[in-house]
Structures are given as structure tokens and as C-alpha cells.
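Below is one structure, written out as C-alpha cells, with a few remarks after it.
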Ligand SMILES: Nc1ncnc2c1ncn2[C@@H]1O[C@H](COP(=O)(O)OP(=O)(O)O)[C@@H](O)[C@H]1O
Ligand SMILES: [Mg+2]
């Protein structure tokens, strides 16, 4: 039985006339590495703010330090908004492998990203489009390269219109 660690019901956000998040119901389960995938402007950061109250992680080199600090605190949920968005390839790998390791140790993670390379580290992928969750994919836990697993993700992303 999955244990819910966070539940958002009827989440909504408007900026003036624009409805950015449209009545989203979402549950986050303990031990999952949940990834919210979606195009730029789909509402990922807004959704994460509604769920966490966090400020977006700062960019550049400070980003890797911020990730390390957030992870060391062993919070109930690690919230990450495009955690590799401002990192080069080497640091991106460091951060994602760190997430994979703490996830394997039981840490719950909620990450939003538009990077499919980052998304493949998750075991539950949600697809956000125009402020609504329009798809969900369950994957086995990431354990290094696995072409079957990655094909499954690729196919699903294609179905979602990525
Ligand atoms: N402070 C704001 N005022 C007005 N519109 C905003 C504001 N913040 C975000 N938006 C709009 O909300 C939409 C979703 O933004 P955001 O959640 O940042 O998307 P994502 O993180 O997926 O790129 C975008 O169209 C963006 O322009
Ligand atoms: Mg964003």
C-alpha cells in the first residue's frame, strides 16, 4: 500500500485572466522519485510552489551547493525545480546520481523538469500541460542504464506529445 506524504486538492493559480494551474489533485507517495515533466510555461514551477512553498533554486555553481545542502538536511520530501537547469554536463550527472542514491536509500523526491535526461531518474512521471496533469507513467526504480526502461519512457513521452 502506498503511503501518501503530500496531498494537494483542487490546486489552482491564476495570474489575472490567465489560469495557470487548473484544479489539480495530486498525491505524492513516500519513497517515490516523482518527476513532473512538461514544456516550458506549462506551469511546473507554479505547481511546485503551491505544493512546497519553496523559492526556486538559484542558478549556476550555487545550484549544486544548494542541492547538496537541501539533501543533507534529510527533509521529508526533497523538492527540486529544474535542479540541473543551470549546470554543465558533469555537474548535472553529479546531481542526478546524488538524487538516484538518496532515492535508493528511501528519500522521497519531487522534481519538476523539462529535461528528459533528468526525468529518466524518476520512478513515477507525471505530464503537465496547460496547467493540468494529463498523463502518468510508472517506471521501475532507476538502476543505471536500462534500454527497455528508457524505451518505455521515450514511447510515453512521444504519446504525450513531447
Ligand atoms: N508572476 C507571474 N505573473 C504572471 N504570469 C506568470 C507569473 N509567473 C508565471 N507566470 C506564467 O505562468 C505560466 C507558467 O509558468 P511556470 O509555472 O513558471 O511554468 P514552467 O515552470 O513550466 O516553465 C507561464 O505562462 C508564465 O508566463
Ligand atoms: Mg519553471
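The values are calculated or read from the model by the stated rules, or taken from the named source; none is laboratory data. Fair warning: this is a prediction, and the values are worked out from it, not measured in the lab. Note that we place each Cβ from the backbone using ideal geometry, even for glycine, and neighbour counts take in every protein chain shown.
Which residue is modelled with the lowest pLDDT, if the candidates are limited to region 50-71 and must be within 16 Å of ligand 1 (Cβ to nearest atom) and outside any loop (DSSP other than H, G, I, E, B)?
Here is the first cut: in region 50-71, the residues within 16 Å of ligand 1 (Cβ to nearest atom) are 50-59, 63.
Then drop every residue that is not outside any loop (DSSP other than H, G, I, E, B), which leaves 50-52, 63.
Working: 50: 93, 51: 92, 52: 89, 63: 74.
Only one residue fits best here, namely 63.
Check region 40-62 and report whether any residue there is crowded, with 16+ Cβ neighbours inside 10 Å, free of Cβ contacts under 8 Å to residues at least 60 places away in the same chain and in contact with a helix residue (DSSP H, G or I) (Cβ under 6 Å, 6 or more places away or on another chain).
Yes; the residues of region 40-62 include at least one that is crowded, with 16+ Cβ neighbours inside 10 Å, free of Cβ contacts under 8 Å to residues at least 60 places away in the same chain and in contact with a helix residue (DSSP H, G or I) (Cβ under 6 Å, 6 or more places away or on another chain).
Note down all Cβ pairs under 6 Å where the first residue falls in region 116-138 and is at positive phi, the second is assigned to a strand (DSSP E or B) and exposed (fewer than 15 other Cβ atoms within 10 Å of the Cβ), and they're at least six residues apart or on different chains.
Correct list of pairs: empty, since none qualify.
Assuming residue 47 fulfils every condition listed in (1) out of contact with any strand residue (DSSP E or B) (no Cβ under 8 Å at 6 or more places or on another chain); (2) within 13 Å of ligand 1 (Cβ to nearest atom); (3) under 23 Å from residue 95 (Cα atoms) apart from one, which condition is it?
(1)
Can you pull out the residues in region 7-26 that are closer than 18 Å to residue 78 by Cα and modelled with pLDDT under 95? Before you say what the answer is, go through the steps one by one.
Of region 7-26, the ones closer than 18 Å to residue 78 by Cα are 7-8, 26.
7, 8, listed by residue number.
Hey, which of the helices (runs of 4 or more DSSP H) in region 72-162, taking only ones fully inside, have at least 2 residues that are farther than 29 Å from residue 13 by Cβ, modelled with pLDDT of 95 or more and more than 16 Å from ligand 1 (Cβ to nearest atom)? Spell out the reasoning first.
Working: elements: 89-104, 116-119, 147-159.
Correct list: 89-104, 147-159.
Just need a number here: residues in region 1-40 that are closer than 14 Å to residue 82 by Cα, in contact with a strand residue (DSSP E or B) (Cβ under 9 Å, 6 or more places away or on another chain) and not in a strand (DSSP E or B).
2
Within region 68-94, track down each residue that is more than 16 Å from ligand 2 (Cβ to nearest atom), buried (at least 18 other Cβ atoms within 10 Å of the Cβ) and within 22 Å of residue 30 (Cβ to Cβ). Break it down stepwise before answering.
Start the filter on region 68-94 by keeping residues that are more than 16 Å from ligand 2 (Cβ to nearest atom), which leaves 68-78, 88-94.
When the remaining residues are screened for being buried (at least 18 other Cβ atoms within 10 Å of the Cβ), the result is 71, 78, 92.
Passing the criteria: 71, 78.
Condition check: surrounded by 15 or more Cβ atoms within 10 Å (Cβ to Cβ) and either modelled with pLDDT under 95 or away from ligand 1 (no atom under 14 Å from the Cβ) (or both). Does residue 36 satisfy that?
Values: surrounded by 15 or more Cβ atoms within 10 Å (Cβ to Cβ): yes; either modelled with pLDDT under 95 or away from ligand 1 (no atom under 14 Å from the Cβ) (or both): no.
Spelling it out, it is not the case that residue 36 is surrounded by 15 or more Cβ atoms within 10 Å (Cβ to Cβ) and either modelled with pLDDT under 95 or away from ligand 1 (no atom under 14 Å from the Cβ) (or both).
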